[in-house]
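First comes the structure, then the notes that go with it.
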Amino acid sequence: MSGDTLSDLLRAVRLRGAVFFYVEAADPWVVETPRSSEIIPTILPGVEHLMPFHGVARGTCWATLVGEEPIRLKEGDIALFPQGDRHVMSSAPRLRGKAIDPEIYFAPTPTQLPFALNVSESGATTARIDGGGSDRTRIVCGFLGCDARPFNPLLASMPRVLCTPSLAADGSSWVASFLSLVVEESSRKRPGGEAVLERMSEMLFVEVLRRYADTLLPDQTGWLAGMRDEAVGRALALMHEKPGEAWTIERLGEEAALSRSVLHERFVHFIGQAPMQYLAQWRMQLAAASLRDTDAKVIEIALEVGYENESAFSRAFKRAAGESPAAWRRSRRTHPKKSVSGRSRP
């Protein structure tokens, strides 16, 4: 393992970039996106959770969770919706529109991504979203898929909407450059462009997370806040680096230079559960990934994540995942389905 706790977690929950498109719009305009759970079959079939994001490549616009206050976005800003909530993108605050029919993500089926998705008020495919005004906006849209089960502590630690300015605290503008690249790739259709953009979307997500973590206040809690705490972060790193180790709260406390009781208290404060409970769930996530992605025997996986026998592991896995290791493996090795790109996805 790398010793990079966040990277370990993102690998274990299979973070994956998905289809890209961009929207050209002239004011007034509004696009309302359904809950991500409704469009998973057309975007990334087989993933458990889908996070949409929108970046302003040109102009300004507003991002709004339905029922919440609107947020103004300027050129280079990113709005990420970690919980996959229904949301509105618009030229002015508090506009509402008809939610996009999930079927529209099937059309057009491009030979290479990203593609320009141009939606009229009626939902038909048109040249652009044209309200007749002079203010024009270009929005890059994308999706990130990940596992939600049996254990993804990151999802619960993120807000419903996460906005990132174009410039980081150090003045870097990587995000703005990324948005420009998406539009360029859609025009030039260079070989490998789709793969580049999918990987870059994953990099974008990590960058958004890091910027968000940097803004957390000392009294905030959650997995990201815990990772930043010296003692809790050390305990997390140890469990991620050596998940099969026979850890106890006493050993973790020694490594973190805290007493057993203080480490327990700090861990629960930030993470919301005891260290040993977290370790048990983390082991199940790693086991789930091994069952899905490898042909290793169940006993081999059990030993790798710290169980001495297959029966004890199988009982623990069924409690965490709701099905036996064998059933989990079978259900996630069905024939590939087609995504919006027309390519096979697991």
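Could you pull out the residue among 55, 46, 59 that is among the small types (Gly, Ala, Ser) and more than 16 Å from the chain's Cα centre (by Cα)? Matching residue, one of 55, 46, 59: 59.
Entry remark, the stretch 211-244: residues being closer than 17 Å to residue 274 by Cα and in a loop (DSSP other than H, G, I, E, B) number 4 in total. The single condition among (1) outside the structural domain of residue 151 (by TED's automatic domain parsing); (2) under 22 Å from the mean Cα position of the chain (by Cα) that residue 206 does not satisfy is (1).
Go through the stretch 180-210 and give me each residue that's under 19 Å from residue 74 (Cα atoms) and touching a helix residue (DSSP H, G or I) at 6+ places or on another chain (Cβ under 9 Å).
Step one: list which residues in the stretch 180-210 are under 19 Å from residue 74 (Cα atoms), which gives 180-183, 204-205, 207-208.
Selection gives 181, 182, 204, 205, 207, 208.
Evaluate the following for residue 82: is it under 30 Å from residue 230 (Cα atoms) and either of a type in the set (Val, Ile, Thr) or in a loop (DSSP other than H, G, I, E, B) (or both)? In short, yes. Residue check: is residue 232 surrounded by 17 or more Cβ atoms within 10 Å (Cβ to Cβ) and free of Cβ contacts under 8 Å to residues at least 60 places away in the same chain? Answer is yes for this residue. Within the stretch 69-87, one or more residues are assigned by TED's automatic domain parsing to the domain that holds residue 154, modelled with pLDDT of 90 or more, out of contact with any strand residue (DSSP E or B) (no Cβ under 9 Å at 6 or more places or on another chain) and not hydroxyl-bearing (Ser, Thr, Tyr).
The values are calculated or read from the model by the stated rules, or taken from the named source; none is laboratory data. What you see is a predicted model; the values in this text were computed from it and never measured. Here the Cβ is made from the backbone with ideal geometry for all residues, glycine too, and neighbour counts use every protein chain on show.
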